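Novice: I'd like to ask some things about the structure below.
Laboratory data are not the source of any read-out in this text; all were calculated from the coordinates shown. Keep in mind it's a predicted model, so treat the numbers as computed, not measured. Note that each Cβ is placed from the backbone with ideal geometry, even for glycine, and that neighbours are counted across all protein chains shown.
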Amino acid sequence: MVLKKLQDSNTSIAIVGASNNSEKFGNQIYKDLRSKGFKVFPINPKEKFIEGDKAYSSLSELPNNESIVNFVVPPKVALSIAKEAFQLGFQYLWFQPGSESKELKDWLSTLENIHSLTDSCIMVQALN
């Protein structure tokens, strides 16, 4: 279901862990998806701008519930922010390899109306 949402031309993506450091996946994923034409929203509480675009310190600051929340953060941070995303009404959660944990997967399995994907790189799947 999350993969299908990625194919929708109206899909926007909030990237939790977006970074200005070109050596980090949060930067590489942000630039890759932006270059493929996706409307992307960088989430990073330590940055005002990511690659020249306004950064948001949390999901709650976004102008609307973005179509997909992509996680590029350590597992404990991913679980915490995923719980926030659920509370805010986000329905499509994508966890980059390395951001997931058994605890996260167990929690996700208890939820209804949440579509999630783990162990898959969004850059590989977004082949616009």
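Novice: How do V72, V77 rank when sorted from fewest to most other Cβ atoms within 10 Å of their own Cβ? It would help to have the intermediate numbers written out before the result.
Specialist: Details: V72 28, V77 14.
Lowest count first: V77, V72.
Novice: How do F49, F95, F86 line up, fewest other C-beta atoms within 10 Å first? Kindly include the intermediate steps, with their values, before the conclusion.
Specialist: Numbers: F49 11, F95 28, F86 17.
Placing the least packed residue first, the sequence is F49, F86, F95.
Novice: Would you mind checking segment 1-22 for residues with the amide N under 16 Å from a putative spin-label position 7 Å along Cα→C-beta of N65?
Specialist: Counting only backbone N, you get 2, 5, 11-14.
Novice: Something else now. I'd like the distance between the alpha-carbon centres of segment 97-111 and segment 43-77, rounded to an integer number of Å.
Specialist: Centre-to-centre distance over Cα atoms comes out at 20 Å.
Novice: Lysine pairs in the chain with Cα distance under 13 Å, only those 8 or more apart or on different chains: how many are there?
Specialist: 6
Novice: Still on this structure, please answer the following. Round to the nearest 10 and give me the degree value, 0 to 90, for the angle of helix 75-88's Cα axis relative to the longest principal axis of the chain.
Specialist: Approximately 80 degrees, to the nearest 10.
Novice: Something else now. Compute the long axis of helix 25-35 from its Cα atoms, compare it with the longest principal axis of the Cα atoms of the chain, and write down the angle in degrees, 0 to 90, nearest 10.
Specialist: Approximately 70 degrees, to the nearest ten.
Novice: Provide, for q = 0.13, 0.21 Å⁻¹, the log10 of I(q)/I(0) from a solvent-free Debye sum over equal Cα point scatterers in segment 76-120.
Specialist: -0.22, -0.61
Novice: In what order do T11, T110 fall by count of nearby beta-carbon atoms within 10 Å, going from fewest to most?
Specialist: Numbers: T11 16, T110 7.
With the sparsest Cβ surroundings first, the list reads T110, T11.
Novice: How long, wide and thick is the chain, going by the Cα atoms along their three principal axes, in whole angstroms, largest first?
Specialist: Sorted largest first, the three principal extents are 38, 30, 27 Å.
Novice: Moving on. Report the label-to-label distance for D53 and L111 in nanometres (one decimal), using points 7 Å from each Cα along the Cα→Cβ vector.
Specialist: Computed distance between label sites D53 and L111 equals 2.2 nm.
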